[in-house]
1. When you check residue 112 against the structure, is it buried (at least 17 other Cβ atoms within 10 Å of the Cβ) and within 11 Å of the ligand (Cβ to nearest atom), yes or no?
2. Identify all residues within the range 260-278 that are among the polar types (S, T, N, Q) and either more than 10 Å from the ligand (Cβ to nearest atom) or more than 18 Å from residue 136 (Cα to Cα) (or both); write none if there are none.
3. The conditions are (1) open to solvent by 20 Å² or more (accessible area, probe 1.4 Å); (2) assigned to a helix (DSSP H, G or I); (3) more than 16 Å from the ligand (Cβ to nearest atom); (4) touching a residue at least 60 places away in the same chain (Cβ under 8 Å), and residue 29 fails exactly one of them. Which is it?
4. Among the residues of the range 164-175 satisfying the criterion of being within 6 Å of the ligand (Cβ to nearest atom) and out of contact with any helix residue (DSSP H, G or I) (no Cβ under 7 Å at 6 or more places or on another chain), which is most open to solvent (accessible area, probe 1.4 Å)?
5. Please name all residue pairs, on different chains or six or more residues apart, with Cβ atoms under 6 Å, provided the first residue is in the range 161-178 and is touching a residue at least 12 places away in the same chain (Cβ under 8 Å) and the second residue is among the β-branched types (Val, Ile, Thr) and within 8 Å of the ligand (Cβ to nearest atom).
6. The conditions are (1) outside any loop (DSSP other than H, G, I, E, B); (2) more than 29 Å from residue 47 (Cβ to Cβ), and residue 230 fails exactly one of them. Which is it?
Amino acid sequence: MEILDGKKVSNQIKEEITAEVNKMKERGEKVPHLAAIIVGNDGASLTYVGSKVRSCERVGFESTLVRMPSTTSEMELLNKIDELNQDSDIDGFIVQLPLPEQIDTQKVIMAIDPDKDVDGFHPTNFGKMALDMSTFIPATPFGILELLERYKVDTKGKHTVVIGRSHIVGRPMSILMGRKGWPGNSTVTLTHSHTKNITQITSQADIIISALGVPNFLKAEMVKDDVVVIDVGITRVPDDSEKGYHIAGDVDFKNVSKKASYITPVPGGVGPMTIAMLLKNTLLARERHRSRN
Ligand code: NAP
């Protein structure tokens with residue numbers, strides 16, 4: 001069994017990005033600039049945004065954090081998005097999800113300029129991804145592809161089972177694993193909460209990508225020997241520790257890892273890869289803006 005070490009690979013990617021940024025600086029060029037909007041005070045969201053901003057600093061990007069109160073109206077947020085769309089200094093930006101209930105998430109995603117949509121959530125970018133065109137691939141699926149590639153995991157002709165069909169992880173992952181190319185060329189089964197006999201499906205899988213957010217959902221008796229397991233789940237489970245919680249993935253790591261050929265840990269697997277690929281998308285956005293201007 002080999003661990004797919006997202007922490008190690010994400011550090012390599014950050015070093016590669018830092019080297020690119022240093023070259024930009026030597027040439028006297030503008031460095032990439034990522035902005036993040038966060039609405040409200042959700043603890044997990046603030047942690048995620050904080051680590052995205054810190055990662056920008058680490059690779060030499062400029063970053064801007066826009067904090068808005070939880071009472072922000074949809075119009076106020078749309079106006080802020082318009083401001084960032086127009087700001088030529090900003091190469092890419094994200095709006096941290098989830099948003100407070102008074103705000104329509106779809107409207108917000110639609111308002112982001114697709115050329116600055118480094119999360120890859122805008123329908124233009126999602127459509128391009130589905131059509132194998134060059135675009136921003138959503139950071140978590142992009143990170144999973146990169147892990148599979150760097151560990152040379154064979155995906156061609158394999159049966160990949162994706163658990164969860166969210167717009168940000170499961171759905172794009174199912175499209176990407178089924179595309180022509182590598183990683184890809186898999187035969188994909190996309191499962192969700194209405195899937196019947198899921199154990200029958202997972203036990204036939206060569207590769208399982210689990211993104212449902214239920215701790216210890218995937219158990220050893222649900223997988224076959226030598227399976228490749230990618231655990232996307234991040235759930236805060238309350239406990240007696242000082243923090244008051246610990247992070248759990250979707251996979252019973254202790255037992256599934258005994259049968260797996262490759263497996264991602266939680267934490268230290270997909271999570272750090274997601275941030276690294278957001279940085280990669282921002283670098284890509286900068287390069288595109290430079291070649292256009
Ligand atoms: P989400 O929007 O909550 O969707 C969960 C999906 O799982 C839904 O499609 C749901 O089916 C499906 N599901 C729920 N119970 C199921 C069951 N018993 N059997 C099969 N499918 C089931 O999920 P998400 O936003 O993709 O997040 C999933 C997990 O990944 C969460 O723990 C989240 O924190 C984590 N995450 C991690 C990263 C990272 O960087 N590592 C990034 C994003 C998300 P229905 O569609 O039928 O409801």
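The values are calculated or read from the model by the stated rules, or taken from the named source; none is laboratory data. This one's a predicted model, so the numbers in the text were calculated from it and none came from an experiment. Please note: Cβ atoms are built from the backbone with ideal geometry, for glycine as well, and neighbour counts cover all protein chains shown. The accessibility values were calculated without ligands, DNA or RNA, using every heavy atom of the protein model including side chains. Shrake-Rupley method; radii C 1.70, N 1.55, O 1.52, S 1.80 Å.
1. No, not satisfied.
2. First, pick out the residues of the range 260-278 that are among the polar types (S, T, N, Q): 261, 264, 274.
Across the range 260-278, the qualifying residues are 261, 264.
3. Condition not satisfied by residue 29: (2).
4. Looking at the filtered set, the residue picked out is 166.
5. Correct list of pairs: 163/191; 169/140; 169/232.
6. (2) is the only condition that residue 230 fails.
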